[in-house]
Structure formats: structure tokens, C-alpha cells
Amino acid sequence: MAKGKSIEHIIDKSWCKGCGICVHFCPKQVLELNSDEKAVAARPEDCIGCKLCELRCPDLAIQIIVKEGE
Ligand code: SF4
Ligand code: SF4
């Protein structure tokens, strides 16, 4: 993650159906499915904010919020 940038992963667990598409498409292996088959940001510090997960999720369960630093 670039300095001064913070990225928030908002994953709506009631909308996530555990298809794993976001896990598959993330180029930085940030996301994983937990034991309940819900997507979680396991390595949020590696996220580059590309939003591929948000764009690919068929259930609109992921929202990526990129906050630029000063
Ligand atoms: S793509 Fe969406 S529905 Fe599929 S595992 Fe990821 S968050 Fe859940
Ligand atoms: S924004 Fe990009 S790098 Fe970050 S979790 Fe989603 S797919 Fe992975």
C-alpha cells in the first residue's frame, strides 16, 4: 500500500454467497473465504485498491474505499 493511502474493505456478509470470484480475481491475494464461506480481507495491507473485487462480485457484496493521504 502506498504511503498515506488507506483502503477500507467493506464486505456485506449477508450478500456474499461465497462464490470465491473476488478471491480468484484479486491480483494481490488480499481476499480469502473464511470458514463460513464468506469473503474476508485477510491481507488488507497488500491491497492496491484496483477494485477488481468490487467490479467482479456478482452480488455487489464488496465495496472498496480508497482514501488518499495528504
Ligand atoms: S465475489 Fe462477492 S459473493 Fe463471491 S465470494 Fe466474493 S464477496 Fe462473496
Ligand atoms: S481492490 Fe484489488 S487488490 Fe484490493 S482486495 Fe480488491 S481486487 Fe484485491
Residues that are polar (S, T, N, Q) and open to solvent by less than 50 Å² (accessible area, probe 1.4 Å): does the stretch 46-69 have at least one?
no
Kindly provide the set of residues from the stretch 1-23 that are at pLDDT 95 or above and either within 12 Å of ligand 2 (Cβ to nearest atom) or basic (Lys, Arg) (or both), ordered by number.
ILE7, GLU8, HIS9, ILE10, ILE11, LYS13, LYS17, ILE21, CYS22, VAL23
Of the residues in the stretch 14-44, those that are surrounded by fewer than 16 Cβ atoms within 10 Å (Cβ to Cβ), charged (D, E, K, R) and over 11 Å from the mean Cα position of the chain (by Cα) come to LYS17, ASP36, GLU37
Log entry, pairs with first residue in the stretch 7-22 being in contact (Cβ under 8 Å) with a residue 24 or more places away in the chain, second being assigned to a loop (DSSP other than H, G, I, E, B) and open to solvent by 80 Å² or more (accessible area, probe 1.4 Å), beta carbons closer than 6 Å, six or more apart or on different chains, reads none
The lone condition GLY4 fails out of (1) surrounded by 12 or more Cβ atoms within 10 Å (Cβ to Cβ); (2) in contact (Cβ under 8 Å) with a residue 60 or more places away in the chain is (1)
Could you count how many residues in the stretch 25-53 are free of Cβ contacts under 8 Å to residues at least 24 places away in the same chain and either among the basic types (Lys, Arg) or in a helix (DSSP H, G or I) (or both)?
3
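The values are calculated or read from the model by the stated rules, or taken from the named source; none is laboratory data. Just so you know, these numbers come straight off a predicted model, no measurement behind them. Heads up, the Cβs are rebuilt from the backbone with ideal geometry, glycines too, and the neighbour counts pull from every protein chain shown. For the accessible areas, the whole protein counts, side chains as well, though only heavy atoms, and no ligand, DNA or RNA atoms are used. Shrake-Rupley method; radii C 1.70, N 1.55, O 1.52, S 1.80 Å.
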